[in-house]
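The values are calculated or read from the model by the stated rules, or taken from the named source; none is laboratory data. These figures come from a predicted structure and were not determined experimentally. A quick note on method: Cβ atoms are made from the backbone with ideal geometry, for glycine too, and the neighbour counts reach across all protein chains shown.
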Amino acid sequence: MADHVLVTGGAGYIGSHACKALAAAGVIPVTFDNLVTGWEEAVKFGPFAQGDLLDRARLDAVFAEYQPIAVMHFAALSQVGESMSEPGKYWRNNVSGSLNLIEAAVDSGCMNFVFSSTCATYGDQDNVVLDENSAQYPINAYGASKRAIEDILRDFETSNGLRHVIFRYFNVAGADPDGEVGEFHQPETHLIPLMLDAIDGKRDALTIFGTDYDTPDGTCIRDYVHVCDLVDAHVLGLKWLQDDKASRVFNLGTGSGFSVREVIDHSRSVTNREVPYNEGDRRAGDCTKLVSGSSRAVSELGWSPTRSTLQQMIADAWRWHQTGHYSK
Ligand code: UDP
């Protein structure tokens, strides 16, 4: 019988791609998801245990039923803007929910934990190379909530021996090239899917959030990584823990930054369509530039991102956009 891995948020964008990669690697992904932002239709690669991270009894029952060898914890609220207007939601759902999950894992004897963290934990640091040793000064409640969970993991390693791999994601984009799963948020707030919606008239023009940043073209710069490359790193992270290696933090980005205007230009050339957009105010909580300055995941984990060109990410997102979508 293959081992089980508990995948929280397995019905969401990144979690569903991780389930596919885990199944391909020979483990059974058990999705734990409350379906607040996830889609039951995205749970295709293993069993589904519906539940909420704030429900400790439900968590205990799921750990007892499946006895997972590891947890991959994707479930979280992840909108920077919302986190600034409703911080309580982020602290309760992300931090209290994660604490419940961590305690349930430890109490059930599941001592391997892979955690989705974010470059938003670094905050806005001008001219600093963002590697894993960079100071973490989040400027939004989303990043602050993720940094707090990193701290909780370190404390539970000290107290209980819970071993962890923390991945700090840069901007995740693209979709499964087979079209089995893809990105679909309701409401959508992310740049590339919003842009594709604007391109084919599914919504109004894209608004560029701020054109007065201290960057060459005045718009924010981000480091985009293909979701399939990103989840490959998680499979390697699981192996890292199974090989008894020490808890470790890895940035997951490519080291190349693209401005919002550059993403618009690439979208125009990939889709051969105009991108309707206008220029608006800055969005609260946005950092000027977030680009990974680390190759630790490549050198230590053996990660080899092969699909993370902007061209490929937009092309895969565009294919999914035209053919797939979940319905609730
Ligand atoms: N962005 C934008 N208009 C939008 C959505 C996003 O200009 O409608 C910008 C946003 O300010 C940021 C970049 O696109 O600089 C990526 O934003 P997204 O929400 O996709 O990811 P985040 O960086 O917040 O995790």
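Of note:
- Meets criteria (in contact with a Pro (Cβ under 8 Å, 6 or more places away or on another chain) and assigned to a strand (DSSP E or B)) for residue 6: yes
- Among residues of the stretch 159-213, those that are of a type in the set (Asp, Glu) and either under 15 Å from residue 262 (Cα atoms) or without any contact (Cβ under 8 Å) to a residue 24 or more places away in the chain (or both), counted: 2
- Residue list for the stretch 167-206, restricted to those being among the polar types (S, T, N, Q) and within 14 Å of the ligand (Cβ to nearest atom): 171, 189
- Being within 13 Å of the ligand (Cβ to nearest atom) and within 25 Å of residue 297 (Cα to Cα) is true of residue 258.
- The criterion of at least 3 residues that are away from the ligand (no atom under 16 Å from the Cβ) and under 20 Å from residue 241 (Cα atoms) is met, among helices (runs of 4 or more DSSP H) falling completely within the stretch 12-92, by 13-24.
- Hits in the stretch 263-314 (condition: among the small types (Gly, Ala, Ser) and part of a helix (DSSP H, G or I)): 267, 269, 297, 299
- Residue 234 being touching a Pro at 6+ places or on another chain (Cβ under 8 Å) and crowded, with 19+ Cβ neighbours inside 10 Å: no
- In the set (1) within 22 Å of the chain's Cα centre (by Cα); (2) not assigned by TED's automatic domain parsing to the domain that holds residue 123, residue 218 fails one condition alone, (1).
- Test: residue in the stretch 64-83 that is in contact with an Asp or Glu (Cβ under 6 Å, 6 or more places away or on another chain) and surrounded by 15 or more Cβ atoms within 10 Å (Cβ to Cβ): yes
- For the stretch 316-325, the criterion of being modelled with pLDDT of 95 or more, within 27 Å of residue 167 (Cα to Cα) and touching a strand residue (DSSP E or B) at 6+ places or on another chain (Cβ under 8 Å) is met by at least one residue.
- Against the list (1) surrounded by fewer than 24 Cβ atoms within 10 Å (Cβ to Cβ); (2) closer than 24 Å to residue 298 by Cα; (3) within 17 Å of the chain's Cα centre (by Cα), the condition residue 165 fails is (1).
- For first residues located in the stretch 269-288 and away from the ligand (no atom under 16 Å from the Cβ), partners that are among the charged types (D, E, K, R) and in a loop (DSSP other than H, G, I, E, B) and lie 6+ apart or on another chain with Cβ distances below 9 Å form the pairs 271/200; 273/200.
- Residues in the stretch 77-116 that are of a type in the set (Val, Ile, Thr), modelled with pLDDT of 95 or more and closer than 23 Å to residue 189 by Cβ: 1 in all.
- Of note, residue 269 satisfies the criterion of being of a type outside the set (Asp, Glu), outside the structural domain of residue 139 (by TED's automatic domain parsing) and more than 27 Å from residue 16 (Cβ to Cβ).
- Residue 189 meets all of the listed conditions (1) within 16 Å of residue 105 (Cβ to Cβ); (2) of a type in the set (Ser, Thr, Tyr); (3) not in a helix (DSSP H, G or I) but one, namely (1).
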